[in-house]
Amino acid sequence: MLELKQLYQGFRDPQTIASLAQDIAKVARTLKEPINIMEVCGGHTHTIMKYGLLDLLPDNIEFIHGPGCPVCIMPKERIDQAAVLAQQEDVILVTLGDMIRVPGSKGSLASFRAKGCDIRPIYDPLDTLKIARDNPHKTVVFFAIGFETSTPMTAVLLQLAEQQKLANVFFHINHVLVPPAIDAVMHDPNARVNAFIGPAHVSVISGAKIYRPAVEQYGTPVVVSGFEPVDVMESILRIMRQKAAGKAELDIQYSRAVSEQGNLAAQAKVEQFFQIRPQFRWRGLGPIPNSALQLKPEYAHRDAELRFKNCLPVKEIDDHKACQCGDILRGLAKPKDCKVFGRGCNPETPLGSCMVSSEGACNAYYRYQGIDSKEQHHG
Amino acid sequence: MADVSTKEKAIQLSHGGGGKEMNKLIRELFFTEFDNPILRSEEDAAKLELQGATAFTTDSFTVSPLFFAGGDIGKLAVAGTVNDLAMMGAEPQYLSCSVIIEEGFSLKDLTTIVRSMAKELKQSGARIVCGDTKVVPKGCADGLFINTSGVGRILRPNISAANVAPGDAIIVSRDVGCHGAAILMAREGLSLESELQSDCATLWPVVEQLIAANIPLHAMRDATRGGLSAVLNEWAVAANVGITVNEASIPVCDEVKGLCELYGFEPMDLANEGTFILAVPNDIALGALEIMQRFGHCESAAIIGTVNDELPGKVILRTPWNTKRYLDLPQGELLPRIC
C-alpha cells in the first residue's frame, strides 16, 4: 500500500525552501528584465498562495494566473445546460467537486439541488456506475469536466458503462485542453507572459511534449512542476536560470511522475472514445478552436447533448459586467484589480467562477493573501 | 445488557406508534441502557434539582455513515453535547435523548448505538433523564437522527470567546482533523486502508482537571464542524483580536496529512469530535499543557499560537519557512479538488 506520507514528505522542508529562495534571489539580480510567469494551473496558484511563497520571491518576478482551472473556465451556458438536465424528469445529474457551486445564469447546481433536483457531487467518477445500477429506471448524466488529467477517467467510465450494458448512463462532455488555452493567452496582443509553469497533473497523462510547441513558438521557458512548495520554488529557479542564460527550453521538474511521452495507455483510451470538438467557448477567453473534446460518433448513444438536444439552451451568456474573471484568466488583471473582489464577489456569494473553485485565482487570493492590504481584502 | 427480542429485526412504524411495540422498545432498550431513577419515574418531564449557574445546550446528529472508525452516532451524540457543556466550564449532569428512526432500521444497529451512548455517558457521569422516540416512513430520514440536549452546573464562570485577549497562548488538545478524515474515509467510494480513527471522545475529565488546577481559562471551544480554522476565526472576531498560529506547531497525524494531500483539504478545516482549543494567559500555558498531556486523547496537546492586537478579527498562519497567510474559515461543503 502507498504510504500517504510519501505524497508530501521532503517537499516542505524549510531549509530547502530557504536555500532555493536564496538561489532565486541571486539569479534574479542578474536579470535585466522582469519575469512574468504564468502558472497555467489553479493548483499552482493555490500552492503559491497557500504556502505564502510570494513573500520569499524578489520583486522582478510576477505571477500571472492562467486559465487552468476547469471550474473557472466553464461558461455559464454549460452550467445552465447541466441545470436543465438536472430538471428533467427522472434524471440524476452527477458531477465532481466545486462544479456544483459555480453560478449559472439562473443559479448554481447547488441551488437547483436545494429545489429538489437530484444532483450528486461524487469523489470518483466510477461512483456513477453504482448510482446507475441502483437507479435502473432513471437516467444518470455524468457532467464531465476537467483538463487532460481527468479525461481518461471519463473514458474508463464510458468503457465500463458499455461493458456492463448500463444503458441509463449518459455524458455531458466538457473536457478541455491546455495547449490551445496557452495559444489563446499568447495570441492576445497585450500578453505579458514570458515563462510558464506547466501543470504537472496534465503532463502525467499527456506527457511534457504537449508544451514543446509553446516553447518553440513563443520562445518561453516551460517548466513542468509538481505542486509542493519545494517543487514550485525549484521550478521558479529553473525558469530563472534559463532566462539568465538566454534560453527557452522545456524542462521537467516533476520528474517523479512526468515523462516526455506521458501515459500512453491513458492517451489511447482517450483516443478511443473522444475526438476534438471544433470549438468550445471558454469563460473569459471566448471561443477557442479545437480546445475541447466530444464523444466520437460511435458513442452518440451516450451523449447527453444529443439525447436532450431539444431542451438544452444554447444561448451564450457572458459574465456579470463588473466581473473581471476574463481578464484575470488571460493574465491581464490581478484578482485585486477587480472592483467587486471581496465585496460583491466572495466565496460565499461568488459572482465569477474564479472565486468559486478552491483552485481559482480569486479564491486563493481571498483566502490566503492580502495581509498587507486588508482593507481591500476582506472588506 | 438489554434483552431485546431478536425476532424483530427491523424498526417498524409501529415502534413509534405509542402502543405496545413502542413501549417494549423503550423499556427493553432505552430504559435498560440509560437506567437511572429520574428516567425510571416515567413522568411527562424529568424533575431536576439544579443549583447555581447552569449551562444548557442542544445538538442534533445526522452523521453518515452511522458507524465509523473510532465511534458511531451514539457516542457522538453523547460526547458532542457533554463537550458543549464542558467547554463552558460546566459539569455535565442531565441529558435528553430524542431519536428519529427510519422505518426498516436494524434493531441490532440501534441497540449497538444506544449501548455506545450508555458507555460514553460513564466518561462524564451525566445521565439521560428524558427522551423521545419517533419512527418515520422509509425514505423520510437517513437511517437514524439523534438529538441530545444537556444541562450542567457551571463550575467556572466567565469562560467566553469574548475573553480571548492579547498575550494569551492558544493551545490545541491533540492532533486535528481525525474525525473529518475518518468520516471521509468511511464514506462510499473512498476505499483507503488506514488505521485512522475519529477522535470522538468526552472532554469533561480533562477540563475538570484544568478547573481543579485553577488554570485561568479565558476561552475553550471544541473544534467540531469547521475545525480549528472556524474556532480561531470565531474567536478573532468575537474578541476583536488578531491570532497568529505556527503551522509547524499544529499537531496533525500522517494519515490526516496524507488524506488532505489526496483530496486537497486542510487539516485545520476538518471536523473534530474530541479536540478542543484553549486560550489561556501565556505565562501559565506550559502548566496547562502539562496537565492536559497527562490525559488520554491529549498526549499530543501543543501550544500553537498567540493572541495579539495586530490585525483584529484575522487569523494569520505562519508557515515553517516563515511566510504568512490568512487562515480563513472553511467554505461550503468539503469537496475534493478536480485536478
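The values are calculated or read from the model by the stated rules, or taken from the named source; none is laboratory data. The model shown is predicted, which means the values in this text are computed figures rather than measured ones. Using ideal geometry, Cβ is built from the backbone for each residue, glycine included, and neighbour counts are taken over all protein chains shown. Areas reflect the complete protein model, heavy atoms only, side chains present, ligands, DNA and RNA absent. Shrake-Rupley method; radii C 1.70, N 1.55, O 1.52, S 1.80 Å.
The set of residues from the range A:95-106 being open to solvent by less than 20 Å² (accessible area, probe 1.4 Å) and among the small types (Gly, Ala, Ser) comprises A:97, A:104. Here residue A:117 meets each of (1) open to solvent by 40 Å² or more (accessible area, probe 1.4 Å); (2) modelled with pLDDT of 95 or more; (3) part of a loop (DSSP other than H, G, I, E, B) with one exception, condition (1). Taking (1) in a helix (DSSP H, G or I); (2) closer than 22 Å to residue B:173 by Cβ; (3) not acidic (Asp, Glu) in turn, residue B:113 satisfies each apart from (2). Every test in (1) over 16 Å from the mean Cα position of the chain (by Cα); (2) not assigned by the TED database to the domain that holds residue A:224 is passed by residue A:193 save one, and that test is (2). Applying the set (1) over 30 Å from residue A:97 (Cβ atoms); (2) more than 14 Å from chain A (Cβ to nearest Cβ); (3) touching a residue at least 60 places away in the same chain (Cβ under 8 Å) to residue B:308 leaves exactly one unmet item: (2). Would you be able to say whether some residue in the range B:281-291 is more than 14 Å from every other protein chain (Cβ to nearest Cβ) and at positive phi? No: zero hits. Going through (1) open to solvent by less than 80 Å² (accessible area, probe 1.4 Å); (2) of a type in the set (S, T, N, Q); (3) within 19 Å of the chain's Cα centre (by Cα) one by one, residue A:290 falls short only on (1). Only residues that are part of a loop (DSSP other than H, G, I, E, B) and either among the hydrophobic types (A, V, I, L, M, F, W, C) or modelled with pLDDT under 85 (or both) were counted in the range A:322-349, giving 11. With respect to (1) surrounded by fewer than 19 Cβ atoms within 10 Å (Cβ to Cβ); (2) of a type in the set (Gly, Ala, Ser); (3) within 14 Å of chain B (Cβ to nearest Cβ), the lone exception for residue A:342 is condition (1).
Residues considered: B:256, B:280. Of these, the only one that is in contact (Cβ under 8 Å) with a residue 12 or more places away in the chain, under 23 Å from residue B:168 (Cα atoms) and within 24 Å of the chain's Cα centre (by Cα) is B:280. Just to verify a result, which residue in the range A:13-26, among those that are among the hydrophobic types (A, V, I, L, M, F, W, C) and within 18 Å of residue A:231 (Cβ to Cβ), is surrounded by the most Cβ atoms within 10 Å (Cβ to Cβ)? So the residue we want is A:17.
For the range B:161-183, the set of residues classified as within 25 Å of residue B:121 (Cα to Cα) and not β-branched (Val, Ile, Thr) consists of B:173, B:174, B:175, B:177, B:178, B:179, B:180, B:181, B:182, listed by residue number. One residue stands out among those in the range A:130-158 that are of a type in the set (A, V, I, L, M) and open to solvent by 10 Å² or more (accessible area, probe 1.4 Å): the one that is farthest from residue A:82 (Cα to Cα), which is A:156.
Return a yes/no flag: does the range A:142-150 have any residue that is away from chain B (no Cβ under 13 Å) and touching a residue at least 12 places away in the same chain (Cβ under 8 Å). Yes, the range A:142-150 contains at least one residue that is away from chain B (no Cβ under 13 Å) and touching a residue at least 12 places away in the same chain (Cβ under 8 Å). The test for being part of a strand (DSSP E or B), more than 11 Å from every other protein chain (Cβ to nearest Cβ) and under 21 Å from the mean Cα position of the chain (by Cα) holds for residue B:221.
Here B:243, B:277, B:303 are screened, and the one residue that is more than 9 Å from chain A (Cβ to nearest Cβ), farther than 21 Å from residue B:70 by Cα and open to solvent by less than 20 Å² (accessible area, probe 1.4 Å) is B:243. Of the residues making up the range A:63-110, those that are closer than 16 Å to residue A:146 by Cα and within 14 Å of another protein chain (Cβ to nearest Cβ) number 18. Taken together, the residues in the range B:92-138 that are more than 22 Å from the chain's Cα centre (by Cα) and among the aromatic types (Phe, Trp, Tyr) amount to 1.
Scanning the range B:132-156 for residues that are small (Gly, Ala, Ser) and open to solvent by 60 Å² or more (accessible area, probe 1.4 Å) returns a single hit, B:139. If only residues of the range A:46-62 that are under 17 Å from residue A:228 (Cβ atoms) and either away from chain B (no Cβ under 13 Å) or of a type in the set (A, V, I, L, M) (or both) are counted, the one that is surrounded by the most Cβ atoms within 10 Å (Cβ to Cβ) is A:48. Do the conditions hold for residue B:226, that is, is it open to solvent by less than 10 Å² (accessible area, probe 1.4 Å) and within 14 Å of another protein chain (Cβ to nearest Cβ)? No; evaluated as a whole, the condition is false for this residue. Pairs meeting the criteria (first residue in the range B:42-53 and farther than 11 Å from residue B:94 by Cβ and open to solvent by 100 Å² or more (accessible area, probe 1.4 Å), second residue at pLDDT 90 or above and not small (Gly, Ala, Ser), beta carbons under 8 Å, at least 6 apart or on different chains) are B:51/B:153. Quick check on residue B:74: is it farther than 17 Å from residue B:31 by Cα and surrounded by 19 or more Cβ atoms within 10 Å (Cβ to Cβ)? No. Selection of the range B:13-42 for residues being modelled with pLDDT of 90 or more and not in a helix (DSSP H, G or I) yields B:34, B:35, B:36, B:41.
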